[in-house]
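K.L.:
After the structure tokens below, expect a handful of questions from me.
The values are calculated or read from the model by the stated rules, or taken from the named source; none is laboratory data. If you're wondering where the values come from, they're calculated on a predicted model, not measured in any experiment. Backbone-built Cβ (ideal geometry, glycine too); neighbour counts: all protein chains shown. Just so you know, the surface numbers come from the protein's heavy atoms only, side chains and all, with ligands and any DNA or RNA stripped out. Shrake-Rupley method; radii C 1.70, N 1.55, O 1.52, S 1.80 Å.
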Amino acid sequence: MSHGTVMPVDGPATLEWSEKAKAEVADALSRYPVKRSAVLPVLWIAQREWGWLSPAAMRLVAGSVGLPESEVFGVATFYTMFNLVPVGRHHLQLCMTLSCSLMGADRLYKHLQKKLGVSHGETTKDGRYTLRKVECLAACGKGPCMQVGFDYHENLDEAKVDALLEKLK
Amino acid sequence: MSRGPLLFKDIDTPGLTGLDVYKKQGGYEAVASSVGKKTPDEVIEIVKASGLRGRGGAGFPTGLKWSFVPKQSPKARYIVCNADESEPGTFKDRELMELNPHLLIEGMILAGFAIGSHQGYIYLRGEFEYVQRILDKAIAEARAAGILGDNVMGSGYAFQLYTHLGAGAYICGEETALLSSLEGYRGQPRLKPPFPAVEGLYASPTVVNNVETLMAVPHIVKNGGAWYRQWGNEKSPGTKVFSVSGPVKRPGNYEVPLGYSMKSLIENECGGMRDGLKLKAIIPGGSSVPMLPAADLDTPLDYESMNAKGTFLGSGGVIVIDDKTCIVDALWNVTRFYQHESCGKCTPCREGTYWMSEVLERLENGTGRDADIDLLADVADNILGKSFCALGDAAAMPVQGALKHFRAEFEHHVKHKTCLVNRRREEVAGVRA
Ligand SMILES: Cc1cc2nc3c(=O)[nH]c(=O)nc-3n(C[C@H](O)[C@H](O)[C@H](O)COP(=O)(O)O)c2cc1C
Ligand code: FES
């Protein structure tokens, strides 16, 4: 858990929910007796809308769930799946935990590093890929595995990763 | 072919995620025959009689846990499903929910009815976004059919159910941290007691149960406690799903009766080791339990037999380690995981996991010192039982298990500055090619 020390990154000055997002925020709020419980669902909506959680996005979330901005920032920085900096179009999250590691994840990571020219947490210059090492994804029986965005890719090897990258334009 | 006696029996039936097919298999019969027809206490008694124990890791008797919820409560009561499935080596809940979402919904209705709850949440780890979509669809279908809502199947009992997506934090599998997260806070654990049954979600009586636990409930309520005991043994009744990973020929989820031979699971169900590899060690219950050497392979898969060997059945995440893998290296990987996932709240866990990782990194990289093995044991000993929640124990136990059974490999690292087995994880080829 936790992103370590995080400094707010500049982003757009202000953001507004789209009509669709507005309805989703209202639906999220309706699910709990306490408004604050909707903070994770509403952060997810914001991340889906803009790809990452800029200070402006967190301000908007804070307003929607009735919390101070600092509280929302505190929550968002605890959870590793929230992007506090912009990420590439394809977020490659390679599992490095034991079962996947026993099946070759470390070699696959080196392969990706070399092929993309970026390391953990970095984005390629063309903005296409962000590479990230992550922990167990509950796909251990089909390791090595990687999530691209929310999509699972399992039983991977170098050739399969190469073919996948080709498809992800 | 059926993949197990109960939860996996008909799980590969096409269309099972839809209400029609689920109902054709006898789905929602347990709700129809008990909600509003039996008393909540009668339902609890059936679950108690079955001997069902929690499948999330601790093996706590489910019926007993339900009976701790106050019968009269001025506050709302909640049932929460722990679908965080974050223990490394465990991937059963994901497949169970993906293939049979209505069984979980039915289990939640029954649990909710038994404890007098009218609202339930399914807390999913953030990575399970696609599972959330499957569940939401099934929930909407059940709601439209009057199975969820103000009048569950015409019984007069009201029950609402929602999914909730986490966002990446192993600690949120720990039940009190999960509740903090569900309330919209950082996912940090809370002091117990008070236990959730008395003061849980929104400081109200709450039961937290694992996915697999809740999925056993409809079968038990429908067929009776004694019927469930046709599988397993006196203290570990019923069936359990084991997630097997590592270099075996057929890794995957296998449901077997408790007490089943671990040796048979590996050699028969999983087809044995991949060619050219021998089994060296086995972690039977997710990465947080002490590993066993190959000599203990014939230990029966039940709670008591595992305890007798100094380890735990845990979540049923069976990780197989081969003879070409360095135990120091494997343990470093596991310890690094707990260091990364420590929530930072208490000192023994936050600092201890960091130091254990440091020492293991030194040992593995050939810069270990003579005193390092004792230092490692000492740090583990100072975490175990002394951390705020059980994450600290989860980090300390693998270290203790590895030192107990494979001390020679650690000593070799100190003396010769290199691995006893000459292979590092980064050299492992994509064995799946
Ligand atoms: C660090 C830690 C992580 C845990 N992770 C999970 C998990 O991912 N899934 C789960 O069901 N239980 C997990 N548990 C156990 C829960 O705290 C709780 O005991 C369980 O959900 C209760 O359900 P059960 O009685 O049905 O097993 C974890 C416990 C600890 C200490
Ligand atoms: S270890 Fe990679 S998914 Fe579990």
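K.L.:
Considering the zone a paramagnetic label at B:Ser33 would reach in this model (a point 7 Å from Cα along the Cα-to-Cβ line), which residues of the stretch B:210-245 have amide N under 17 Å from it?
P.N.:
Those under the cut-off are B:216-230.
K.L.:
Can I ask one more? Can you give the FRET efficiency for B:Phe195 and B:Asp323, using 1/(1 + (r/R0)^6), R0 = 56 Å, r = Cβ-Cβ distance, to the nearest 0.05?
P.N.:
0.80
K.L.:
Additional query: Provide Rg over Rh for the stretch A:90-168; use the alpha carbon set for both Rg and the Kirkwood Rh (inverse mean inverse pair distance).
P.N.:
Looking at the stretch A:90-168, the ratio lands at 0.92.
K.L.:
Step through the residues of the stretch B:359-365 one at a time and calculate ³J(HN,Hα) from phi using the Karplus curve (6.51 cos²θ - 1.76 cosθ + 1.60, θ = phi - 60°), rounding each to whole Hz and writing x for Gly and Pro.
P.N.:
5, 5, 4, 4, 4, 5, 8
K.L.:
I would also like to ask the following. Along the Cα→Cβ direction, 7 angstrom out, place labels at B:Glu45 and B:Asp378. What is the inter-label distance in nm?
P.N.:
Label-label distance for B:Glu45 and B:Asp378, simple model: 5.8 nm.
K.L.:
Roughly how crowded by other chains is peptide A:31-44, in terms of the mean Cβ count from those chains within 10 Å of each of its Cβ atoms?
P.N.:
Mean number of neighbouring Cβ atoms from other chains: 5.
K.L.:
Hey, another quick one. Tell me, in nm to one decimal, what length is gained between B:Asp136 and B:Ser2 on full extension, where the rule is 0.36 nm per residue of separation less the Cα-Cα distance?
P.N.:
Result: 45.6 nm gained on full extension.
K.L.:
Percent of Cα-Cα pairs per 10 Å bin, from 0 to the last occupied bin, for the stretch B:231-351, please list those.
P.N.:
13, 42, 30, 13, 1
K.L.:
How do the peptides B:244-254, B:400-410 rank, highest first, by the average count of neighbouring beta carbon atoms within 10 Å per residue?
P.N.:
Going from most to least packed, we get B:244-254, B:400-410.
K.L.:
Further question on the same structure: Report the equivalent ellipsoid semi-axes for the stretch B:321-412 in whole Å, largest first, defined as the square roots of five times the eigenvalues of the gyration tensor built from alpha carbon atoms.
P.N.:
The three semi-axes for the stretch B:321-412 are 21, 13, 12 Å.
K.L.:
Next up: Could you tell me the relative contact order of chain B? Use alpha-carbon pairs under 8 Å, at least six residues apart, and round to a whole percent.
P.N.:
Reported relative contact order: 16 percent.
K.L.:
Which residues' amide hydrogens lie under 5 Å from the amide hydrogen of B:Glu255, considering only partners 5 or more residues apart or on another chain, with H built in the peptide plane?
P.N.:
B:Phe242
K.L.:
A follow-up question, please. When Cβ neighbours within 10 Å are restricted to other protein chains, what is their mean count per residue of peptide A:89-102?
P.N.:
So the per-residue partner count for this stretch is 6.
K.L.:
Still on this structure: What are the ³J(HN,Hα) values, in whole Hz, obtained from phi via the Karplus relation 6.51 cos²θ - 1.76 cosθ + 1.60 with θ = phi - 60°, for each residue of the stretch B:342-356 in sequence order, with x given for Gly and Pro?
P.N.:
Listing the rounded values in order: 4, 7, x, 6, 10, 5, x, 6, 4, 7, x, 5, 5, 5, 4 Hz.
K.L.:
Determine the per residue accessible area of chain B with all protein chains present and a 1.4 angstrom probe, expressed in square angstrom.
P.N.:
36
K.L.:
Give me the net charge for the shell around A:Asp126: Cβ to Cβ below 13 angstrom, other residues only, Lys and Arg +1, Asp and Glu -1.
P.N.:
Counting the neighbours of A:Asp126, the net charge comes to +3.
K.L.:
Choose one answer from A:Ala76, A:Ala13, A:Ala38: the residue with the largest mean-square fluctuation in a GNM of chain A with alpha-carbon springs under 10 Å.
P.N.:
Checking each option, the largest mean-square fluctuation is seen for A:Ala13.
K.L.:
I would also like to ask the following. With the crude spin-label approximation of a point 7 Å out along Cα→Cβ, what separation in nm comes out for A:Ala26 versus A:Thr14?
P.N.:
Each label point is offset 7 Å from its Cα along the Cβ direction, giving 2.2 nm.
K.L.:
Taking amide H positions as placed in the peptide plane 1.01 Å from N, state which residues far from B:Ala197 in sequence (5 or more) or on other chains have amide H under 5 Å from it.
P.N.:
B:Thr206
K.L.:
Could you sort B:Asp393, B:Asp302 by their accessible area in this structure, using a 1.4 Å probe and putting the largest first?
P.N.:
From most accessible down to least: B:Asp393, B:Asp302.
K.L.:
Show me B:277-290, A:92-105 ranked by packing, highest mean number of other Cβ atoms within 10 Å first.
P.N.:
For the peptides B:277-290, A:92-105, the packing ranking is A:92-105, B:277-290.
K.L.:
Residue by residue through the stretch A:54-63, which ³J(HN,Hα) values in whole Hz follow from phi under the Karplus form 6.51 cos²θ - 1.76 cosθ + 1.60 (θ = phi - 60°), with glycine and proline marked x?
P.N.:
Values, residue by residue: 6, x, 5, 5, 5, 4, 4, 4, 4, x Hz.
K.L.:
Sticking with this one: Using the C-alpha gyration tensor of chain A, what are the square roots of 5 times its eigenvalues, in whole angstrom, with the largest one first?
P.N.:
Here the semi-axes work out to 32, 17, 15 Å.
K.L.:
With the convex hull built on the Cα atoms of the protein assembly as shown, state its orientation-averaged projected area in nm².
P.N.:
26.0
K.L.:
Where Rh denotes the Kirkwood radius from the mean inverse Cα pair distance, what is Rg over Rh for the stretch A:1-86?
P.N.:
For the stretch A:1-86, the value is 0.94.
K.L.:
Can you give the mean number of other chain Cβ atoms that lie within 10 Å of the Cβ atoms in peptide B:195-208?
P.N.:
Mean partner-chain Cβ count within 10 Å for B:195-208: 1.
K.L.:
Is there a quick way to get the dipole size of the stretch B:266-349? I mean about its Cα centre, with the Cβ of Lys and Arg at +1 and of Asp and Glu at -1; what is the value in debye to the nearest 20?
P.N.:
Charge dipole of the stretch B:266-349: 380 debye, to the nearest 20.
K.L.:
Right, here's the next one. Report, ordered by chain and residue number, the lysines lying within cross-link reach of A:Lys35, taken as a straight Cα distance under 22 Å and ignoring same-chain residues fewer than 8 apart.
P.N.:
Hits, sequence-local ones excluded: A:Lys20, A:Lys22, B:Lys75.
K.L.:
While we're here: Each label point is 7 Å from the Cα along the Cα-to-Cβ direction; what then is the distance between the points at B:His416 and A:Leu164, in nm?
P.N.:
Going from the B:His416 label point to the A:Leu164 one covers 3.6 nm.
K.L.:
Distance between Cα centroids, the stretch B:349-427 to the stretch B:186-205: provide it in whole Å.
P.N.:
Between the Cα centre of the stretch B:349-427 and that of the stretch B:186-205, the gap is 33 Å.
K.L.:
Mean projection of the alpha-carbon convex hull of chain B over all orientations, in nm²?
P.N.:
Computed as one quarter of the Cα hull surface, the answer is 20.0 nm².
K.L.:
Still on this model: Report the relative contact order of the stretch B:19-228, percent, no decimals, based on alpha-carbon pairs under 8 angstrom and at least 6 residues apart.
P.N.:
31
K.L.:
Note the count of lysine pairs whose C-alpha atoms are less than 17 angstrom apart in the stretch B:239-322, limited to pairs 8 or more residues apart or on different chains.
P.N.:
So the count of such lysine pairs works out to 8.
K.L.:
Do you know the relative contact order of the stretch A:90-168, to the nearest whole percent, from alpha carbon pairs under 8 angstrom that are 6+ apart?
P.N.:
39
K.L.:
Calculate what fraction, in whole %, of the accessible area of the stretch A:90-168 sits on carbon and sulfur atoms when a 1.4 Å probe is rolled over the protein chains.
P.N.:
49
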